[in-house]
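Enquirer: Sharing a structure with you now.
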Amino acid sequence: MKKLNKLVALLLMVVMVLSVAGCGSKKDDTAGSMDLSKGTESNTDTTKDDDTKKDDDAEAFNLEEGINAYYANMPDHIYKINQKEFIDKVKANDDMVVVDIRTEEDYKKGHVKGAYNAPWGPAIAENITKISQDKEVFIYCYSGQTAGQAVMTLNLAGINARSVNLGFNFGISKVEGYEDVIEETVNEFGSETYDVPKEVQTALTDYYNGLADVKDTKFKNYKVSEDNLKAMIDNKEDFYLLSIRGEKDFNEGHIAGASNIPWGAGMEKQFATLPKDKPVVVYCYTGQTAGQTVAGLRLLGIDAVSLNGGLGMDANAPLGWSNKGYEVVADGVVEAGVNSYFANMPEHIYKINQKEFIEKVKADEDMVIVDIRTAEDYKKGHVKGAYNAPWGPAIAENITKISQDKDVYIYCYSGQTAGQAVMTLNLAGINARSVNLGFNFGISKVEGYEDVIEETVNEFGSETYDVPEEVKAALTAYYNGLADVKETKFKNYKVSEKNLKTMIDDKEDFYLLSIRSAKDFEEGHIAGASNIPWGAGMEKQFGTLPKDKPVVVYCYTGQTAGQTVAALRLLGYDAVSLNGGMGMEINAPLGWINNEFEVVK
């Protein structure tokens, strides 16, 4: 520990006593490192007993708050430094610390002047207390990606660290005259140490020791290669793909199936939307900011890895997805399709009256019918000629087999999940409508409906229709996502009347949206609800909805809310619909008022 220099000259014994009781970390309140701790106090009272000190330490640092603060308080330099600017600092002999996290072998072959070596792995955590907290610290690896992870972990420890853009191989070594700042002298960390909260030390030790667990897997170094990601996609492995590139760049081109949380201050607010039960593959432009993101996510308990080389740029070729020649899909297809669905809403609002539907069946009109009830209920009896694509992945799996040149009618039990399906099918280019109130409350209530019921199993034919790859990927993700909510209160992307009542009573953080007409909303609505009336143009208000909390949507009986929920989820909102909607006599006992819950004016 750093000795109290002024006392050294006085008496060795005094120094020895004070080194036990009063020595501490080298600290400077004006240092440039980000304050990631809250409520920390100077430990100057040496009269406290050990138990009291332990209690104080236990409360000194909230790890989750520190991680979130890293992103929330993101500086303009985003924890990086341009390679040329870095070389200029080295040439100017700036008072700074340089850490090379390449292998010891490569370090000895030649490194930036003055750089210490903490090879990528446990050595970083082992040396964390030896890295200055009162100077700027610059870290480099080979390509910038593992340095991205290291930068996040060092800042968490109170170190004002930035990574050198594109690392040694693609950044430093490309700067003209860089050879002038290269040496082979081995620089050793000194004996000077700095305090690091024990929670952080433990977390970082676990983080870097954990690299051994993935060493012989495709997730070595908490990364995944471009080829392995391609294989994961082709093999339809269960994982979550996250792009942190800018929204505009994401829209112009991204890996099919990816979601987008743009890199920047505030992104941490959306981390809670990421799954903890499957791998999360994160990618950016060249891998560096994805490295920072992966470190934060893993420390929060999310099994995150970054894509080697990111999407790829000229500067880091041949690394990166696009530099390997792998496909990216341009946005606009899903978002434009969703917006067009509402902007060009027909008078039938993508529904058909149950009696009119039965009449069409009796008239043997040239149309396609899809029953999305379970295979078991389908076999017990279904509308003549209907194909069965049970609610779930089967809809996406059969999407190319559903006619795009005939009217298509879909029914479920109550109309609500068919509402979701109708929106997704129209997005795929299918002229689909749902049968009002489904089989249980609509079809089966039509006089003479029995005449159009059969038990014959109808199979989809071999004819297929083109569906844009991005749409197929989005719908596959949509329907596969049902498995993630199966055991939750949001099963089927719906919430029951009782569960919504509990959410309100417990003051849970969610957004309640009524899409009933403005007139009906004024006459009575669920307390706390906002209103975007259903109809053409409603999509213009979607941008006012939050993406950092659940959005519960309700209508009259659930059917148009189903359509809205499908669209919102495809746009990245965590939307669900209220079972049975507000409720009407025709769909009792479903619905809010049919369960006798309160409405307000």
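The values are calculated or read from the model by the stated rules, or taken from the named source; none is laboratory data. As the structure is a prediction and not an experimental result, all values here were calculated from the model. Every residue, glycine among them, receives a Cβ derived from its backbone with ideal geometry; neighbour counts consider all protein chains shown. Keep in mind that these areas ignore ligands, DNA and RNA; they rest on the heavy atoms of the full protein, side chains included. Shrake-Rupley method; radii C 1.70, N 1.55, O 1.52, S 1.80 Å.
Enquirer: If I ask for residues that are open to solvent by less than 40 Å² (accessible area, probe 1.4 Å) and assigned to a loop (DSSP other than H, G, I, E, B), which ones from the stretch 369-384 would you list?
Expert: Within the stretch 369-384, 372, 373, 381 qualify.
Enquirer: Which condition breaks for residue 596 when tested against (1) more than 13 Å from residue 414 (Cα to Cα); (2) touching a Phe, Trp or Tyr at 6+ places or on another chain (Cβ under 7 Å)?
Expert: (2)
Enquirer: Next up: Of everything in the stretch 127-140, what is closer than 14 Å to residue 196 by Cβ and free of Cβ contacts under 8 Å to residues at least 60 places away in the same chain? Give them in sequence order.
Expert: Within the stretch 127-140, just 137 meets the criteria.
Enquirer: Here is a further query. Within the stretch 149-169, work out how many residues are under 26 Å from residue 60 (Cα atoms) and either among the basic types (Lys, Arg) or in a helix (DSSP H, G or I) (or both).
Expert: 9
Enquirer: Please find, among 488, 464, the residue that is of a type in the set (Val, Ile, Thr), loosely packed, with under 15 Cβ neighbours inside 10 Å and within 22 Å of residue 573 (Cα to Cα). Talk me through it step by step, then tell me what you get.
Expert: On the way: 464 fails: within 22 Å of residue 573 (Cα to Cα).
That would be 488, the only listed residue that is of a type in the set (Val, Ile, Thr), loosely packed, with under 15 Cβ neighbours inside 10 Å and within 22 Å of residue 573 (Cα to Cα).
Enquirer: Across the stretch 161-182, what is the total count of residues that are open to solvent by less than 40 Å² (accessible area, probe 1.4 Å) and either out of contact with any Gly (no Cβ under 8 Å at 6 or more places or on another chain) or farther than 25 Å from residue 313 by Cβ (or both)?
Expert: Matching residues across the stretch 161-182 total 8.
Enquirer: If you check residue 286 against the conditions, is it polar (S, T, N, Q), in contact (Cβ under 8 Å) with a residue 12 or more places away in the chain and open to solvent by less than 40 Å² (accessible area, probe 1.4 Å)? Spell out how you get there, then give the answer.
Expert: On the way: polar (S, T, N, Q): yes; in contact (Cβ under 8 Å) with a residue 12 or more places away in the chain: yes; open to solvent by less than 40 Å² (accessible area, probe 1.4 Å): yes.
So residue 286 passes the test.
Enquirer: Within the stretch 301-314, count every residue that is open to solvent by 10 Å² or more (accessible area, probe 1.4 Å) and either of a type in the set (S, T, N, Q) or in contact with a helix residue (DSSP H, G or I) (Cβ under 6 Å, 6 or more places away or on another chain) (or both).
Expert: Qualifying residue count for the region: 3.
Enquirer: Oh, and also: Need the failing condition index for residue 364 against (1) in contact (Cβ under 8 Å) with a residue 60 or more places away in the chain; (2) not in a strand (DSSP E or B), just the number.
Expert: Result: residue 364 passes all but (1).
Enquirer: List, please: which pairs have Cβ atoms under 6 Å, are six or more places apart or on different chains, and start with a residue in the stretch 294-320 that is of a type in the set (Val, Ile, Thr) and end with one that is open to solvent by less than 20 Å² (accessible area, probe 1.4 Å) and modelled with pLDDT under 95?
Expert: These pairs meet every condition: 302/274.
Enquirer: Based on this model, can you work out whether residue 143 counts as under 27 Å from the mean Cα position of the chain (by Cα) and crowded, with 19+ Cβ neighbours inside 10 Å?
Expert: Working: under 27 Å from the mean Cα position of the chain (by Cα): yes; crowded, with 19+ Cβ neighbours inside 10 Å: yes.
Against the criterion (under 27 Å from the mean Cα position of the chain (by Cα) and crowded, with 19+ Cβ neighbours inside 10 Å), residue 143 qualifies.
Enquirer: Give me a count of the residues in the stretch 86-111 that are among the β-branched types (Val, Ile, Thr) and open to solvent by less than 10 Å² (accessible area, probe 1.4 Å). Lay out the reasoning, then the answer.
Expert: Let us first name the residues in the stretch 86-111 that are among the β-branched types (Val, Ile, Thr), namely 87, 90, 97-99, 101, 103.
Retained after the next criterion (residues that are open to solvent by less than 10 Å² (accessible area, probe 1.4 Å)): 87, 98-99, 101.
Selection size over the stretch 86-111: 4.
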